[in-house]
Amino acid sequence: MRNRELMLAVLGALLGMLILQVASAQPASQSENEPPREMWSAEWITSPDGPQRDVSVLHFRKVIELAQASKQFLIHVSADNQFILYVNQQRVGSGPAKSDLGHWRYESYDIAPFLHPGRNLLAATVWNFGVLTPLAQISDRTGFVLHGDNETERIADTNESWEVEEEKGARVLPTPAAVRDQYYVAEPAERIDGTAFDWKWNSDSAATDFSAANSNSPNSWKKAEAIGHATPRGAVVQENNWQLVPDPLPAMQMELTSAGRVVRTTGIDVPSGFPDKPFTVPPHAKVAVLIDQSHLTTAYPELTVSGGRGATIRLTYAEALIDANGMKGNRNETAGKHIQGIFDEFLPDGAANRSFSPLGWKTWRYLQIDVETADQPLEITKLQTFFTAYPFERRGHFESDDASLTPIWDIGWRTARLDAHDTYMDTPYYERMQYVGDTRIQALISYTVGGDDRLPRQAIQAFNNSRIPEGLTRSRYPSSMRQIIPTFSLLWVGMVHDFWMYRNDPNFVRAQLPGTRAVLDWFLDRQRPDGLLRKIPWWPFVDWGKDFEFGEPPQDADGGSSPITLQFIEALRYAAEMESSLGDKARAELYRSAAEHASQAVYKLCWNRQYGLLADTPAQKHYSQHANILGVWLDVIPPAQQENVLTKILSASDAGFTPTGPVPPMTQATYYFRFYLARAVDHVGLGNDYLRLLGPWREMVALGLTTWAETPEPTRSDSHAWSAHPNYDLLTIVAGIRPASPGFLTVMVAPHLGSLKHVSAALPSSKGMIETEYKVENSEMKAVITLPAGVSGEFVWSGKSLKLHEGEQELQQPAE
């Protein structure tokens, strides 16, 4: 009540000022970027008699006539669920990027390079997997739209001049129970039946035999059914549920890569040149070929075969092989292990050079081809893989004289790459959903290694768009199933603050403040009179600690969780900084007051004098690293006690830390929450000990992982980007490069080299590359630091501070 009364008083005092401002304001001019308010000339189209909310795969096509070559031919394309677009048999692109119905993405392409004078075939495959649609895919019903940008290009518009056929040869299969039980909600298993598939739907002859009457395919071409004009978001009239907005992201990377090497065969000897050289499976045979990609990948497999009518081919994909007990063990070992995972099936029709590929990309390190032939032999001609992911470039770098850090850096970057496509993803194998807790860490890696903020912007705005009427964000978005993790809403506030510090776009941050206010108002209403938070509904996840039930820290009957309250304090402080600079100073003061009240309560009610640690609730029956990590980082624990607290909690999980005094049993932080542990270690002045915290990552390297796991063994997922934060830590703690002011307009360089004698690192800031090199020789440290134009800063080393200016500078200081 105290906080609500204070807030109402502040708002009332400002109301008069607001009325005066509104009265004197001039009418706003229409922005050049404001979306058009009229419907498009193009119409959404679908099959006139096919399922619209159940499983269907549709082909669309239209021939357009051009008198001469075009210098530009711009079109805008979208579909529900997904499409692949072709022009004259050449793949142009796919999409749309995932979002919600109120912000339905469309992709834009200049197809002039694919066109020629005369007849040109525009074609698209569109699919909807019904109830087996990935959970990250929101949907209304099956549809396709293509809109020409100007009058000349509108000859390509979708309407009833397009033809459509339902592809009878493509279907989806149930997910195996062993996979489904691991919470598998990504791409389903697909079956392509070559005997029913229309292999000519997009052939050269389609452009000349363009009519349903002349079609000799096994499927039936019909005139497409129009289901309403396409409408951009904000249009006055709307005829369907898709409110179209342009996709701000670049096209996903598509790159032909090595398919790997054969590591085991059953029932056949495969030539050493496969997957590039063919082999033949005789009639009535049953064979298996296991291929090791050598590292985890996200890709489209494409298998080309000849003959083999009546055969069944299955491609099974797995992050790792498992033994008879279902354990993964060392990922490099294959002996005594088998594959288990999601799969695709291909049924050849006996013709030559049939290429099979699933509509959705798959994730694997190990891929097994199982073949069972009938009366005909089957030639496996080749297996190709096309890597796909968000097109990040590795602009930042970290190198040192410790060779063991190289795989940690490389594996972390691969993990960040595979878990980023048209959205961020928790895991590319099992879920492919954009969660706030994971995404906050992924975005920081994108800023500091990739120097790219387009995917973080998408994520921040998506979470803002996801907010429910109560004000909270959804925990994951886009998603067709609502899930609320209130603590993730607090982390979203931190994610906005991270963007504010690393990227120079205050207007984007300012636009998020109404959302951060709604989140924090919800929590302020749940702050107890003593300052702690009451019991939090929904799923107050913090970490997969072994004795955190379902990831939740303990709460007393009326709440009082110190880990949850501490996350509330972090969000309040971040929001206060943003409001002071960009928003409402009175609200900033309200946040500071609430944060201080909560801080005093955590220390007063949860501090245990016997152990010198924070308990998880005032009952002081349970302890965790999490509460003490946050208590140190946020200075809720007094500075004089912080180093001793960290030493105690680290003694429970990391070698080489000797506590002073008794240490109770405590829940340990997993890979994810050790991101916050690194913040605490750096904050208390123990940054030189950071490299000692990398033991869990060294263990994963020894186990043969090529991406970072979700949790310590046994882990479900072998690729979880919330575990990739050492890439961020190596740049910001070890190399010490970090923003000193919002927008990265000034910089602080405060390296913590530990035992390293040489480090070379670079980080892309909003103003350009920041480059550092450190050499420790004898009793001196020599540093060469280069700042981009217009950027100044501070170099901190061994308790001393030196000013930095733009350009290159050489510094020399006594070694720590």
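The values are calculated or read from the model by the stated rules, or taken from the named source; none is laboratory data. Since the structure is predicted, the reported quantities are computational estimates derived from the model, not experimental observations. Note: ideal-geometry Cβ built from the backbone for every residue, glycine included; neighbour counts use all protein chains shown. The area values use the complete protein model at the heavy-atom level, side chains included, leaving out ligands, DNA and RNA. Shrake-Rupley method; radii C 1.70, N 1.55, O 1.52, S 1.80 Å.
State the number of residues belonging to region 701-750 that are part of a helix (DSSP H, G or I), at positive phi and surrounded by fewer than 24 Cβ atoms within 10 Å (Cβ to Cβ). Before the answer, list the steps.
Of region 701-750, the ones part of a helix (DSSP H, G or I) are 701-702, 721-723, 726-734, 742-744.
Now restrict to residues that are at positive phi: 743-744.
Next, from what is left, pick out any that are surrounded by fewer than 24 Cβ atoms within 10 Å (Cβ to Cβ): 743.
The number of residues fulfilling the criteria is 1.
For region 540-552, a residue qualifies if it is open to solvent by 40 Å² or more (accessible area, probe 1.4 Å) and not in a strand (DSSP E or B), and the qualifying residues are TRP544, LYS546, ASP547, PHE550.
Take LEU650 and decide whether it is assigned to a helix (DSSP H, G or I) and open to solvent by less than 40 Å² (accessible area, probe 1.4 Å). Spelling it out, LEU650 is indeed assigned to a helix (DSSP H, G or I) and open to solvent by less than 40 Å² (accessible area, probe 1.4 Å). No other residue among GLN243, GLN293 is modelled with pLDDT of 95 or more and farther than 27 Å from TRP708 by Cα apart from GLN243. Contact map, region 405-423: residues that are of a type in the set (Val, Ile, Thr) paired with residues that are open to solvent by 20 Å² or more (accessible area, probe 1.4 Å), Cβ distance under 6 Å, separation 6+ or inter-chain. Pairs shown: THR423/LYS98.
Among the criteria (1) assigned to a loop (DSSP other than H, G, I, E, B); (2) within 19 Å of GLN384 (Cβ to Cβ); (3) modelled with pLDDT of 95 or more, the one PRO271 does not fulfil is (3).
Can you pull out every residue in region 758-783 that is open to solvent by 30 Å² or more (accessible area, probe 1.4 Å), touching a Phe, Trp or Tyr at 6+ places or on another chain (Cβ under 8 Å) and part of a strand (DSSP E or B)? Hits for region 758-783 are HIS758, LYS782. Is at least one residue of region 292-312 open to solvent by 20 Å² or more (accessible area, probe 1.4 Å), in contact with a His (Cβ under 7 Å, 6 or more places away or on another chain), under 25 Å from PRO188 (Cβ atoms) and not polar (S, T, N, Q)? So far as region 292-312 goes, no, none of its residues is open to solvent by 20 Å² or more (accessible area, probe 1.4 Å), in contact with a His (Cβ under 7 Å, 6 or more places away or on another chain), under 25 Å from PRO188 (Cβ atoms) and not polar (S, T, N, Q).
Filtering region 234-244 to residues that are touching a strand residue (DSSP E or B) at 6+ places or on another chain (Cβ under 9 Å), surrounded by fewer than 18 Cβ atoms within 10 Å (Cβ to Cβ) and either within 20 Å of ILE75 (Cα to Cα) or not acidic (Asp, Glu) (or both) leaves GLY234, VAL237, GLN238, ASN241.
Scanning region 594-617 for residues that are under 33 Å from the mean Cα position of the chain (by Cα), in a helix (DSSP H, G or I) and not hydrophobic (A, V, I, L, M, F, W, C) turns up just one, SER599.
For region 380-404, name all the residues that are under 21 Å from LEU693 (Cα atoms), in contact (Cβ under 8 Å) with a residue 40 or more places away in the chain and not in a strand (DSSP E or B).
Residues of region 380-404 under 21 Å from LEU693 (Cα atoms): 397-404.
Subsequent filtering for residues that are in contact (Cβ under 8 Å) with a residue 40 or more places away in the chain retains 397-402, 404.
Listed by number, the residues that qualify are ASP401, ASP402, SER404.
Restricting region 432-458 to residues that are out of contact with any Gly (no Cβ under 8 Å at 6 or more places or on another chain) and open to solvent by 10 Å² or more (accessible area, probe 1.4 Å), the residue that is nearest to VAL496 (Cα to Cα) is ARG457. All conditions in (1) in contact with a Gly (Cβ under 8 Å, 6 or more places away or on another chain); (2) farther than 30 Å from ASP198 by Cβ; (3) of a type in the set (A, V, I, L, M) hold for LEU347, with the sole exception of (2). Among the residues of region 553-567, how many are open to solvent by 10 Å² or more (accessible area, probe 1.4 Å) and either touching a Gly at 6+ places or on another chain (Cβ under 9 Å) or farther than 15 Å from HIS622 by Cβ (or both)? Going through region 553-567 one residue at a time, the tally reaches 1. The sole residue among ARG180, ARG154 that is surrounded by fewer than 17 Cβ atoms within 10 Å (Cβ to Cβ), under 17 Å from PHE343 (Cα atoms) and among the basic types (Lys, Arg) is ARG180. Going through PRO665, PRO659, PRO639 one at a time, which residue ends up being in contact with a Lys or Arg (Cβ under 9 Å, 6 or more places away or on another chain) and not hydroxyl-bearing (Ser, Thr, Tyr)? Exactly one of PRO665, PRO659, PRO639 is in contact with a Lys or Arg (Cβ under 9 Å, 6 or more places away or on another chain) and not hydroxyl-bearing (Ser, Thr, Tyr), namely PRO659. Residue count for region 485-500, restricted to those that are open to solvent by 10 Å² or more (accessible area, probe 1.4 Å) and under 18 Å from the mean Cα position of the chain (by Cα): 1.
I'd like to know if region 487-510 contains one or more residues that are in contact with a helix residue (DSSP H, G or I) (Cβ under 7 Å, 6 or more places away or on another chain), among the basic types (Lys, Arg) and either within 24 Å of ASP556 (Cβ to Cβ) or part of a helix (DSSP H, G or I) (or both). Give the steps one after another, and end with the answer.
Taking region 487-510 first, the residues in contact with a helix residue (DSSP H, G or I) (Cβ under 7 Å, 6 or more places away or on another chain) are 487-504, 506, 508-510.
Narrowing the set further to residues that are among the basic types (Lys, Arg) leaves 503, 510.
Applying the additional criterion that residues be either within 24 Å of ASP556 (Cβ to Cβ) or part of a helix (DSSP H, G or I) (or both) yields 510.
Taking every residue of region 487-510 in turn, at least one turns out to be in contact with a helix residue (DSSP H, G or I) (Cβ under 7 Å, 6 or more places away or on another chain), among the basic types (Lys, Arg) and either within 24 Å of ASP556 (Cβ to Cβ) or part of a helix (DSSP H, G or I) (or both).
Residue under question is VAL632, and the condition is that it be touching a helix residue (DSSP H, G or I) at 6+ places or on another chain (Cβ under 7 Å), more than 17 Å from VAL542 (Cβ to Cβ), outside any loop (DSSP other than H, G, I, E, B) and aliphatic (A, V, I, L, M); does it hold? No: the conditions fail for VAL632.
Contact map, region 181-197: residues that are on the phi > 0 side of the Ramachandran plot paired with residues that are among the hydroxyl-bearing types (Ser, Thr, Tyr) and open to solvent by 20 Å² or more (accessible area, probe 1.4 Å), Cβ distance under 9 Å, separation 6+ or inter-chain. Pairs shown: TYR183/TYR430.
For region 568-588, the count of residues that are farther than 23 Å from ALA518 by Cβ and open to solvent by 10 Å² or more (accessible area, probe 1.4 Å) is zero.
Quick grid of which residues meet (1) over 34 Å from the mean Cα position of the chain (by Cα); (2) open to solvent by 50 Å² or more (accessible area, probe 1.4 Å); (3) among the polar types (S, T, N, Q):
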position	(1), (2), (3)
ASN353	yes, yes, yes
SER357	no, no, yes
TRP361	no, no, no
TYR366	no, no, no
LEU378	yes, no, no
HIS397	no, yes, no
ALA403	no, yes, no
THR406	no, yes, yes
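You will find that of ALA251, ALA320, ALA335, the residue that is in a loop (DSSP other than H, G, I, E, B), touching a strand residue (DSSP E or B) at 6+ places or on another chain (Cβ under 8 Å) and open to solvent by 50 Å² or more (accessible area, probe 1.4 Å) is ALA251 and no other.
Being among the hydrophobic types (A, V, I, L, M, F, W, C), within 17 Å of LEU367 (Cα to Cα) and in contact (Cβ under 8 Å) with a residue 40 or more places away in the chain is the filter here, so list the residues in region 306-353 that pass it. Please lay out each step first, then the result.
Here is the first cut: in region 306-353, the ones among the hydrophobic types (A, V, I, L, M, F, W, C) are 311, 313, 315, 318, 320-322, 324, 327, 335, 339, 342-343, 346-347, 351-352.
Imposing the further condition that a residue be within 17 Å of LEU367 (Cα to Cα) reduces the set to 313, 315, 318, 320-322, 335, 339, 342-343, 346.
If the condition is that a residue be among the hydrophobic types (A, V, I, L, M, F, W, C), within 17 Å of LEU367 (Cα to Cα) and in contact (Cβ under 8 Å) with a residue 40 or more places away in the chain, then ILE313, LEU315, ALA318, ALA320, LEU321, ILE339, ILE342, PHE343, PHE346 are the ones that fit.
Taking the numbered list (1) among the hydroxyl-bearing types (Ser, Thr, Tyr); (2) in contact with a Lys or Arg (Cβ under 7 Å, 6 or more places away or on another chain); (3) assigned to a strand (DSSP E or B); (4) surrounded by fewer than 21 Cβ atoms within 10 Å (Cβ to Cβ) in turn, SER41 passes all entries but (3).
Could you identify the single residue in ILE536, ILE564 that is farther than 20 Å from ALA652 by Cβ, in a loop (DSSP other than H, G, I, E, B), within 33 Å of the chain's Cα centre (by Cα) and among the aliphatic types (A, V, I, L, M)?
Working: ILE564 fails: in a loop (DSSP other than H, G, I, E, B).
Just one listed residue meets the conditions, ILE536.
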